[in-house]
Amino acid sequence: MSLKILTFNIHKGFNWNNTQLTLHRLKENLSQINPDIVFLQEVVGENTKHATKFEDWIDDQFQFLAQDLWKDFVYSKHAIYDHRHHGNAILSKYAITQSKVIDISQNRFEQRSILFCEVDLGHKKIHTYCVHLNLLHKDRVEQYQKINAVIGKISPNQEHIILAGDFNDWNLKASPHLFAKNELHDAYKSLHKDYPKTFPSFFPFIKLDRIYTHRLKIEKAEVLKKDWVNISDHLPLYIEVDLL
């Protein structure tokens, strides 16, 4: 069985320099690629100030994106402020049978979580984890340990695992932590021998976004560029896999 997977930091529905709302274009682009499971970061659930400022503002961005395209979705709502909240989201063509949000914040300025969803493929299940990690390396090291502990607890005997998101891993230190404990392999690097350049979108040279897998055969992995440069400050990462 083959699956199409995409991860994308959508920058709260704005282009790279916050001058244009891009959610409609994002949905159109996603519908053309038609992934089976989508991992999203910086997804807005509500922003009352933007709702009054922008005539075409859309709250519950995850619902707007999922409508008519994905059967099931879960939103983490972990970054909560006075007039707004945002978080991670997983959209799936297949039924999500379990979900959980686990706080992995290291300070009050960066509210972070792991969004876990169990996706029922019919004959098999796949465990999916969506993350957006801290900017400082020392914080991320703590978060790698928490990710490993969560996966070890929730998915100790799970054959198929996908961990995806914005790792902010500018110094390329994430993979040894994640491989050593749970044998998670970087999907893009397994094919191209290097990590994907996804940031900034208009001239990508920093390798922030990742998709890690366990017991999945990687058939294709690419950074999407055409028609995506002015959708966010990141570029999306896309893979195609077969279940082993």
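The values are calculated or read from the model by the stated rules, or taken from the named source; none is laboratory data. Given the structure is predicted, the values throughout are model-derived calculations rather than measurements. Because the Cβ atoms are built from the backbone with ideal geometry, glycine has one as well, and the counts that use them run over all protein chains shown.
Mind checking whether some residue in region 134-156 is out of contact with any helix residue (DSSP H, G or I) (no Cβ under 9 Å at 6 or more places or on another chain), of a type in the set (Val, Ile, Thr), at pLDDT 95 or above and surrounded by fewer than 21 Cβ atoms within 10 Å (Cβ to Cβ)?
Yes, region 134-156 has at least one match.
Of the residues Ile147, Ile126, only one is hydrophobic (A, V, I, L, M, F, W, C) and over 22 Å from Leu69 (Cβ atoms); which?
Answer to the check: Ile147.
Scan Asp194, Asp169, Asp186 and give me the residue that is within 23 Å of Ala79 (Cβ to Cβ), at pLDDT 95 or above and charged (D, E, K, R).
It is Asp169.
Mind counting the residues in region 103-133 that are of a type in the set (A, V, I, L, M, F, W, C) and either surrounded by fewer than 19 Cβ atoms within 10 Å (Cβ to Cβ) or modelled with pLDDT under 95 (or both)?
Here the count works out to 2.
Assess whether Phe203 counts as being at pLDDT below 95, among the aromatic types (Phe, Trp, Tyr), surrounded by fewer than 21 Cβ atoms within 10 Å (Cβ to Cβ) and outside any strand (DSSP E or B).
So Phe203 does not fit the description; no.
Quick grid of which residues meet (1) touching a Gly at 6+ places or on another chain (Cβ under 8 Å); (2) of a type in the set (Gly, Ala, Ser); (3) under 14 Å from Asn15 (Cα atoms):
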site: His192; (1), (2), (3): no, no, no
site: Phe199; (1), (2), (3): no, no, yes
site: Phe205; (1), (2), (3): no, no, no
site: Arg210; (1), (2), (3): yes, no, no
site: Ile218; (1), (2), (3): no, no, no
site: Trp228; (1), (2), (3): no, no, yes
site: Ile231; (1), (2), (3): no, no, yes
site: Ile239; (1), (2), (3): no, no, no
site: Asp242; (1), (2), (3): no, no, no
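Which of the residues belonging to region 224-244 are β-branched (Val, Ile, Thr), crowded, with 20+ Cβ neighbours inside 10 Å and farther than 12 Å from Ile5 by Cβ?
The one that is β-branched (Val, Ile, Thr), crowded, with 20+ Cβ neighbours inside 10 Å and farther than 12 Å from Ile5 by Cβ: Ile231.
Can you tell me which residues in region 41-100 are acidic (Asp, Glu) and surrounded by fewer than 21 Cβ atoms within 10 Å (Cβ to Cβ)?
Of everything in region 41-100, those that are acidic (Asp, Glu) and surrounded by fewer than 21 Cβ atoms within 10 Å (Cβ to Cβ) turn out to be Glu46, Glu55, Asp56, Asp59, Asp60, Asp68, Asp72, Asp82.
Of the residues that make up region 52-71, is at least one assigned to a strand (DSSP E or B), modelled with pLDDT of 95 or more and closer than 22 Å to Pro35 by Cβ?
no
Any residue in region 14-29 that is without any contact (Cβ under 8 Å) to a residue 40 or more places away in the chain, farther than 22 Å from Leu224 by Cβ and either in contact with a helix residue (DSSP H, G or I) (Cβ under 7 Å, 6 or more places away or on another chain) or of a type outside the set (Ser, Thr, Tyr) (or both)?
No: zero hits.
Output yes when any residue across region 60-80 is more than 19 Å from the chain's Cα centre (by Cα), more than 24 Å from Leu216 (Cβ to Cβ) and not β-branched (Val, Ile, Thr), and no when none is.
yes
Please state which of the following conditions Ile147 fails to meet, knowing it meets all the rest: (1) touching a residue at least 40 places away in the same chain (Cβ under 8 Å); (2) in a strand (DSSP E or B); (3) of a type in the set (Val, Ile, Thr).
(2)
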